[in-house]
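Comments concern the structure below.
Every number in this text was worked out from the coordinates using simple rules, so none of it is lab data. Fair warning: this is a prediction, and the values are worked out from it, not measured in the lab. All Cβ positions, glycine included, derive from the backbone under ideal geometry; neighbour counts span all protein chains shown.
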Amino acid sequence: EAYLDHLIKENLPVGHLIDSDFSFMNQRLAQHYGIDGVMGQRMRRVSFEPEVPRGGLLTMGSVLKVTADGFDTSPILRGAWISKNIAGNTLSPPPKNVKAIEPEHGGAITLREQINQHKSNKACYACHKSIDPYGFALESFDATGQWRTKYRVKKEHGGTFQFRLQGYYHLAGEVDASGEIGKAEFKDVFGLKKILLSDHKRIAYNFAKKFFEYANGYKPNLRQRLHLFLMIPEIAQECGMKDLMTKVLVYSLTGEQE
């Protein structure tokens, strides 16, 4: 909330939804992210180097946590959330008879292989091509949003009240966060962010549609969507969050574009 509030008040470009060199955190959150030098429980803006993946919404712990099942990550859940809410792809609901894919990070077959087998069905592939790449890019983050390079597999233990600081698990296979969107390939979440930022109008248009729906209580029709698209500046740095939201609100009240 503090991050979005800052983007709006400072009228920062809409691309900050995808990536930035800062975020808002307190000591506990900074420790969770592995960022040093933040003391106290007050939320404040914290700048970091480009190699830190925490800029933008995609890699925030809250988003990563809500798109996991509480114990294991799911490229499908995370991918569907980003594809629909950030990239603006239209997704059909899954068939009622489709079987759930359970994470098996330590087994003979990897989760990626399971999903690839699932996609061999043409009906499944049609949606998964717009879901899975986004989710695989976030596999470098566990179910709580912490960075990882290997999967953790839970160990069975008999003591109900036993405590082990590092947890009951063993390290399994290496995380593969690579993927492909269209003809653009990426190796990790940094590559995914670059692909998303390459088309700022798409991100801004989807944000405008979402904000229009929030402000009016209904989704824009075709005519309204065309008007919303025309509001998006051609230059990414001129596409400020506050300006875009103001245009959407004025259009919602008057039915006319600025």
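Tell me the net charge near residue 146. Cut-off is 12 Å between Cβ atoms, residue 146 excluded, with +1 for each Lys or Arg and -1 for each Asp or Glu.
Values: positive: 54, 65, 148, 152; negative: 142.
That sum, taken over residues with Cβ under 12 Å, equals +3.
If you keep only loop residues by DSSP, which chymotrypsin sites (Phe, Trp or Tyr not before Pro) in segment 1-102 have at most 16 other Cβ atoms within 10 Å of their Cβ? It would help to have the intermediate numbers written out before the result.
Details: sites: 3, 22, 24, 33, 48, 71, 81; in loops: 48, 71.
Here the sparse-neighbourhood loop sites are 71.
Roughly how many whole Å is it from the C-alpha centroid of segment 1-47 to that of segment 67-94?
23 Å
Please turn the phi angles of segment 174-183 into ³J(HN,Hα) values with the Karplus equation 6.51 cos²θ - 1.76 cosθ + 1.60 (θ = phi - 60°), one per residue in order, whole Hz, x for glycine and proline.
For segment 174-183, the Karplus curve yields 5, 6, 10, 9, 8, x, 8, 10, x, 9 Hz.
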